[in-house]
Structure formats: C-alpha cells, structure tokens
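Chemist: This structure is in structure tokens; I'll ask about it shortly.
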Amino acid sequence: MTINAPRSALTSRQQLRKALRERRRALSDTAQQHAATAVCQQLFTMFTSQTRRVAGYLANDGEIMLGPTLAACHQQTIAVSLPLLHPFTGKHLLFQNYTPTTPMTANRFGIHEPELNSTQIRLLHEHDMLLMPLVGFDARGNRLGMGGGFYDRTLAHVYRLKRRPLLVGIAHDCQQVDTLPVQSWDIPLDCIVTPGQIITLSLNI
Ligand SMILES: Nc1nc2c(c(=O)[nH]1)N(C=O)[C@@H](CNc1ccc(C(=O)N[C@@H](CCC(=O)O)C(=O)O)cc1)CN2
Ligand SMILES: Nc1ncnc2c1ncn2[C@@H]1O[C@H](COP(=O)(O)OP(=O)(O)OP(=O)(O)O)[C@@H](O)[C@H]1O
C-alpha cells in the first residue's frame with residue numbers, strides 16, 4: 001500500500017509531536033506518579049469480569065507509567081502482554097505474554113521489551129484491551145504517536161477481526177490539542193483515558 005500525505009500535514013504533525021513530547025517530559029516525578037495511579041483507577045472502572053488479557057507498554061519519554069495498572073492486573077489474574085518490535089519487518093509490533101519474571105531486553109529505541117519467545121506470542125484477537133501510549137490526541141479520538149507508524153501498521157486490519165481488542169489511548173491531560181490533522185492510515189480509538197477523563201468514542205464500550 002502506498003500512503004501519501006501533503007507535506008504541510010506531515011510537517012505540522014512533526015512540530016506538534018516535538019512540542020507535546022517536551023510537554024510530557026517536563027512533568028515532575030510526583031505528577032507522573034499521580035498520573036500513573038489515576039490512570040490505573042480509571043482503567044479498573046473499565047475492566048469487567050470478562051477482561052482476561054490486556055496489552056500494555058513500558059513507559060518511555062514521559063509517557064504515563066503503567067506500573068500500578070500492570071501490577072494490579074497481575075494480582076487480579078488479568079494476563080498482560082507487552083509490545084516488541086517485529087524481528088523481521090522491524091516495522092510492526094508483536095505482543096508477548098509478560099509476567100514479572102519474563103526475561104527482558106532493550107530494543108533499538110532503548111525501550112525494554114520481552115525477549116522474543118514464540119511460545120509466548122499472543123495474537124491481537126486474544127486481547128480484550130490494547131493500551132496505547134499517545135503523544136497527542138483530540139476530543140474526537142484522533143491520535144498522534146511517536147511517528148514510527150508501528151501501531152498503525154500493526155492494527156491496519158484489526159477491524160476485520162471477528163473479535164478484536166478495545167483500542168484505548170493513554171495520555172496525560174496536557175497532551176490534548178484542539179484538533180489533530182488526521183491521516184488516511186490512522187486507526188480510530190475506542191476510548192482515551194487520561195488521569196482526568198475517559199473519552200468514549202465508540203459504542204463498543
Ligand atoms: N513505551 C512505548 N513502547 C513502545 C512504543 C511507544 O510509543 N512507547 N512504540 C510505539 O510505536 C513502539 C516503539 N516506537 C518508537 C518510535 C520512536 C521512538 C523514538 O524515540 N524515536 C526517536 C528517534 C530514535 C532513533 O531513530 O534512534 C525520536 O523520535 O526522537 C521510540 C519508540 C514499541 N514500543
Ligand atoms: N498501514 C500502514 N501501512 C504502511 N505504512 C504505514 C501504515 N500506517 C502508517 N504508516 C506509515 O507510518 C508513518 C508514521 O505514521 P504517523 O505519523 O501516523 O505515526 P504515529 O501514528 O504517530 O505512529 P504510531 O502508529 O507508531 O503511534 C507514516 O509515514 C506512514 O506512511
């Protein structure tokens with residue numbers, strides 16, 4: 001598939017990404033800890049007795065930490081997966097089962113990910129919820145990520161699945177902007193969770 005976008009749209013996306021990444025990196029440790037706890041509480045209002053497996057991430061670059069959420073999932077026997085960069089394409093993500101004893105390794109961005117173990121890979125449809133770190137978002141559910149297109153490529157066919165995970169963006173409130181330029185390849189989110197709000201965008205919730 002060839003994906004084209006006007007140069008002006010790409011530039012403003014890049015400028016916005018830089019500004020919003022600086023904004024979240026500027027948050028204090030205390031603000032980060034409050035955010036992590038608040039998001040954990042928000043997410044646990046969304047989990048149900050049917051929630052069996054959630055894909056998270058290990059925070060990087062000022063993203064909201066999911067430590068409290070993943071620990072609470074572990075306690076409540078909700079299985080957790082983490083993303084790892086696809087070893088062959090390098091452009092997609094795989095999701096692998098994660099427990100506190102999983103061997104980890106740093107990927108090419110310095111983010112820790114599970115060491116590849118094919119028996120522990122979990123497919124998209126095996127997840128009830130995918131928690132995706134956002135660089136920016138708007139109230140309509142448009143999302144800006146790190147710019148690698150990893151989530152967009154990985155989720156390109158998610159709507160064709162018979163059973164699919166809820167797509168939940170996680171961000172600080174200060175990452176909200178009025179309107180984000182939309183790209184043709186963007187995958188709409190079902191919901192955005194911040195420490196201060198839950199924005200519901202689809203009827204699936
Ligand atoms: N915590 C976390 N894990 C994640 C993601 C994420 O956004 N957050 N990803 C979501 O996609 C994937 C990794 N994607 C990333 C894309 C760009 C950069 C990044 O820092 N880029 C640098 C340039 C780095 C380089 O090329 O050496 C930069 O833009 O400054 C990091 C991760 C998989 N794991
Ligand atoms: N389905 C796809 N197939 C091929 N390339 C894609 C696809 N989706 C996105 N891309 C490419 O990925 C690049 C980054 O996209 P974009 O700026 O939307 O990143 P992002 O949404 O911030 O990143 P991410 O998905 O990693 O969070 C774009 O250059 C785009 O061409």
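The values are calculated or read from the model by the stated rules, or taken from the named source; none is laboratory data. Computed from a prediction, not measured in an experiment: that's the story for all the values here. Don't worry about glycine lacking a Cβ; one is built from the backbone with ideal geometry, like all the others, and counts go over all protein chains shown. The protein model used for the area step is the full one, side chains on, heavy atoms only, and it has no ligands, DNA or RNA in it. Shrake-Rupley method; radii C 1.70, N 1.55, O 1.52, S 1.80 Å.
Chemist: Report, in debye and to the nearest 20, how large the dipole of the chain comes out about its Cα centre when Lys and Arg carry +1 and Asp and Glu carry -1 on their Cβ. It would help to have the intermediate numbers written out before the result.
Modeler: Details: 20 positive and 14 negative charges, 106 e Å.
Roughly 500 debye for the chain.
Chemist: Right, next: Using only alpha-carbon positions, what ratio does the radius of gyration of the range 122-174 give when scaled by 2.2 N^0.38 Å? Present the calculation step by step, with values, prior to reporting the outcome.
Modeler: Working: Rg = 11.7 Å, N = 53, 2.2 N^0.38 = 9.9 Å.
Dividing the Cα radius of gyration by 2.2 N^0.38 Å gives 1.17.
Chemist: Report Rg/Rh for the chain, rounded to two decimals, where Rg is the Cα radius of gyration and Rh the Kirkwood radius. Before the final figure, lay out the partial values.
Modeler: Details: Rg = 16.2 Å, Rh = 17.4 Å.
Rounded to two decimals, Rg/Rh equals 0.93.
Chemist: Can you show me the helix-derived [θ] at 222 nm for the chain, built from DSSP H runs with n ≥ 4 at -39,500 (n - 2.57) apiece and divided by the number of residues, rounded to the nearest 500.
Modeler: Numbers: 4 runs with 51 residues, N = 205.
After summing the helix terms and dividing by the residues of the chain, the value is -8000 deg cm²/dmol.
Chemist: Now for a different question. What ³J(HN,Hα) values, in whole Hz, does the Karplus curve 6.51 cos²θ - 1.76 cosθ + 1.60 give for the range 127-132 when θ = phi - 60°, with x put for Gly and Pro?
Modeler: 3J(HN,Hα) across the range 127-132, in whole Hz: 9, 8, 8, 10, 9, 10.
Chemist: Give me the percent of the accessible area of the chain that comes from carbon and sulfur atoms, probe 1.4 Å, all protein chains in place. Numbers along the way, then the final one.
Modeler: Numbers: 5700 of 10820 Å².
Summing carbon and sulfur atoms, their accessible area is 53 percent of the total for the chain.
Chemist: Same structure again: With each label point set 7 Å from Cα along the Cα-Cβ vector, what nm distance links residue 49 and residue 158?
Modeler: Distance between label points: 2.7 nm.
Chemist: Okay, next question. Antiparallel versus total DSSP beta bridges in the chain: what percent is that, nearest 5? Kindly include the intermediate steps, with their values, before the conclusion.
Modeler: Values: 16 of 30 bridges.
Restricted to the chain, the bridges split so that about 55 percent are antiparallel.
Chemist: Roughly speaking, what is the centre-to-centre gap between the range 139-205 and the range 18-40 when only Cα atoms are used, to the nearest Å?
Modeler: 19
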